[in-house]
Amino acid sequence: MGCLERALCYIRRKKMKSVLLLFLFLVINSMVLGTLGIRKVSLELAEELRKNAESKITLECMEADHPFEETDMQAIEEEPNVNWLNRISEMQVGSTTCIPVAGSEGSENTFTVHGYDELEKDSPFADKVYRITEGNYPQGSEDIVVNQFLAEHNGIQAGDKIVFETVDGREQEAVVTGLFLSGMERSQTGNVQAVNRIENQIYGTADFVNRLSGRTCFLNVTVYVNDPEQLTDTKEVLERMYQERAAIGITDNTFQKLKMMIGQTGRITFLIFALTVTSGSLITGLLLAMWMRSRKTEIAVLISLGISKENILSQMILEEMILYFVAFAGAGIATKLLLPRIGNSLAIMQGNSIALELSFSWQSGVLCIGLTGVVILTGIAIFPYMKKPVKETLSEMEG
Amino acid sequence: MLELKDVSYYYKSQKDKTILNHVTYQFKKGVMYAILGSSGSGKTTLLSLLAGLDVPVEGTVCVAGEDILQRGLNAHRRDHVSLVFQNYNLIDYLTPVENVKLGGKADAEELLAQMGIDEAQRKRNVMQLSGGQQQRVAIARALASKAPILLADEPTGNLDEDTANEIISIFQKLAHEQEKCVVVVTHSRELAEQADVVLRLKKGKIVDNTGIGEN
């Protein structure tokens with residue numbers, strides 16, 4: 001009889017031992033695969049978060065007559081941790097085709113035009129203070145969005161054109177791509193100057209404002225970074241560069257909050273993983289040691305029959321490996337069913353759906369490491385009885 | 001066939017207590033030997049050395065003139081000798097047929113049939129058989145290897161008189177009809193009387209031997 005045949009007979013006929021070991025392996029593997037699945041996702045989330053946390057440094061120009069210029073933008077962009085810049089411009093203009101909503105008595109009938117490279121990121125639209133009610137955000141250098149009340153006031157619709165006029169007589173045409181509303185228009189008092197009224201705020205791109213003003217300059221810059229972990233370092237660099245010209249602040253609340261949660265999840269899963277592996281190895285090792293002790297006679301008899309020690313060792317290892325493999329397959333199915341549920345609960349935390357599953361390479365890794373562990377534990381458990389002289393074991397038996 | 005050449009054995013921690021002291025003896029095929037001796041006389045040690053389960057401190061054990069160490073103990077156990085124990089030592093998770101198959105490639109069913117184990121018993125759990133039946137399975141297992149030497153350690157020690165007699169007669173047949181060299185270690189005078197040669201061990205030496213195999 002070959003070692004595989006004997007191993008299969010042992011598994012089939014020693015049902016209690018086999019079921020107990022199978023169950024133990026199943027629990028260990030399920031927990032290991034489950035915790036690894038969560039750990040993998042938490043690592044991926046941390047990486048994703050690092051990329052998309054939108055941690056940023058804001059530079060607000062303190063001297064209106066000394067704004068940031070193109071050379072400043074280039075200098076900032078050259079910093080290694082800088083991902084991209086949201087340049088923000090602002091100016092006050094009049095219009096030949098559009099009348100502002102009247103402000104306080106004596107206030108000039110002018111508009112305030114705000115320009116952002118990405119309007120959705122750092123403007124009141126980002127904070128949902130303003131919302132687009134019709135049309136789209138401005139994309140091109142002539143696009144703007146105007147307040148819905150101003151549009152009604154002037155009979156403007158999305159797609160219409162407005163001509164703006166600067167103090168020095170420069171004219172610039174703009175296309176209305178959308179209308180917005182803040183909801184606070186009616187709550188403004190009559191004391192608010194026309195230029196400050198919500199209805200008279202125009203939003204376009206930074207390039208539009210630059211074309212309107214005839215020069216490339218920016219009042220504020222928001223610097224988005226690649227690695228939020230190095231946000232403070234980047235801030236310090238920018239402080240050295242613009243400490244005297246700008247008020248510099250950082251915003252990374254989202255990152256810090258999520259980082260803490262993901263870090264906690266990672267630590268907990270690692271702890272569960274470590275405890276599972278340690279206790280699993282310990283229990284398996286003890287069980288195997290106990291069972292091998294009861295098999296010392298069998299080992300001695302097989303040796304006395306001329307079966308090599310390698311063959312006997314192979315049989316014992318095969319028994320555990322077969323059980324481990326079956327348990328691993330069961331655990332794989334169990335975790336495949338369970339992980340999506342865990343993923344859903346994590347999704348609440350992250351805000352998006354999470355594909356919580358272990359890749360084939362991770363599963364193969366767990367299988368290989370597990371099988372190696374089983375081989376080592378079996379080897380350790382059987383070693384004393386392999387080493388013991390057969391004559392001694394048989395003499396003990398025969399009394 | 002199987003030869004002890006000036007074999008001595010003692011535990012290295014107790015050198016003054018010699019278990020076998022310069023024993024020289026030649027076992028022949030077709031003869032049934034019985035080794036008698038009091039407890040601690042070295043009977044089981046002698047059998048272990050013959051079986052290749054241990055090696056002598058001094059001297060050599062030879063089969064067909066070749067030292068068993070040269071050929072390898074594993075090969076010696078597999079090819080030259082087969083063992084029968086007092087406690088049968090069957091593997092409890094194997095059926096009688098599977099136990100016999102452990103011994104070698106011989107037809108297990110046929111061997112068991114020769115030993116009087118019927119078909120139903122052959123497929124049963126080996127532990128559900130009676131002591132006598134288990135010993136028959138153990139003998140069948142020993143025969144499966146087709147080894148020319150059969151070594152038995154107190155093979156009738158746990159059996160009733162009738163069953164013991166049956167087992168002894170099986171050994172006699174193996175020696176006389178199948179030309180095997182059968183060496184039985186025993187306390188039993190009845191068994192010893194059925195052997196062709198009786199060897200008595202005392203203080204690690206063969207002090208007396210009677211029968212056709214006298215050396």
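The values are calculated or read from the model by the stated rules, or taken from the named source; none is laboratory data. Remember, it's a predicted structure, so these values are computed and weren't measured experimentally. Note: ideal-geometry Cβ built from the backbone for every residue, glycine included; neighbour counts use all protein chains shown. What goes into the accessible areas is simple: the full protein's heavy atoms, side chains included, and nothing from ligands, DNA or RNA. Shrake-Rupley method; radii C 1.70, N 1.55, O 1.52, S 1.80 Å.
Using a simple spin-label model with points 7 Å from Cα along the Cα→Cβ vector, what separation in nm is obtained for A:Ser281 and A:Lys388? The modelled label-to-label distance comes out at 2.6 nm. What angle, in degrees between 0 and 90 and rounded to the nearest 10, separates the Cα long axis of helix A:15-52 from the longest principal axis of the Cα atoms of chain A? Around 20 degrees separate the two axes.
The loop-placed GluC sites (Glu not before Pro) in region B:125-215, going by DSSP, that have at most 13 neighbouring Cβ atoms within 10 Å of their Cβ come out as B:Glu177, B:Glu179, B:Glu214.
Distance between the pseudo-spin-label points of A:Lys309 and B:Glu179 (7 Å out from Cα toward the beta carbon): 3.7 nm. Here the simple spin-label model places points 7 Å from the Cα toward Cβ, and for A:Val27 and A:Glu165 these points are separated by 8.5 nm. Once the Cα-Cα distance is subtracted from the 0.36 nm per residue extended length, the A:Thr372 to A:Gln230 segment shows a gain of 47.1 nm.
Please calculate how many Å² of accessible area chain A carries per residue, with a 1.4 Å probe and no DNA, RNA or ligand atoms counted. Don't skip to the answer; put the middle values down first.
On the way: 20070 Å² over 399 residues.
Result: 50 Å² of accessible area for each residue.
Counting Cβ atoms of other protein chains within 10 Å of each residue's Cβ and taking the mean over peptide A:294-305 gives 5. In the protein assembly as shown, the DSSP-assigned H stretches of four residues or longer account for a calculated mean residue ellipticity at 222 nm of -15500 deg cm²/dmol, using -39500 (n - 2.57) per stretch and the full residue count as denominator.
For the options A:Arg211, A:Arg293, A:Arg13, a Gaussian network treatment of chain A with springs between C-alpha atoms closer than 10 Å singles out A:Arg13 as fluctuating the most.
Extension gain, A:Thr133 to A:Glu396, is 85.5 nm, computed as 0.36 nm per intervening residue step minus the present C-alpha separation. Hey, any idea what % of the protein assembly as shown's accessible area is carbon plus sulfur with a 1.4 Å probe? Carbon-and-sulfur percentage of accessible area, whole number: 52.
Need one number: buried accessible surface between chains A and B, 1.4 Å probe, both sides summed, DNA, RNA and ligands left out, in Å² to 100. Please report the intermediate quantities before stating the final value.
Numbers: alone 21180 and 10370 Å², together 29370 Å².
So the total buried area for this chain pair works out to about 2200 Å².
Return the whole-Å distance between the Cα centroid of region A:1-42 and the Cα centroid of region A:210-280. So the separation of the two Cα centres works out to 45 Å.
Please report the antiparallel percentage of the DSSP beta bridges confined to the protein assembly as shown, to the nearest 5. Please report the intermediate quantities before stating the final value.
Values: 57 of 84 bridges.
If we restrict to bridges inside the protein assembly as shown, about 70 percent are antiparallel.
For the protein assembly as shown, which semi-axes, largest first and in whole Å, follow from the square roots of 5 times the eigenvalues of its Cα gyration tensor?
Working: eigenvalues 1963, 112, 53 Å².
In descending order the semi-axes read 99, 24, 16 Å.
Calculated FRET efficiency, B:Met127 to A:Leu337, Cβ-Cβ distance, R0 = 41 Å: about 0.50 to the nearest 0.05.
You can think of it this way: the chain between A:Ile380 and A:Leu20 has 127.6 nm of extra reach, that is 0.36 nm per residue less the Cα-Cα gap.
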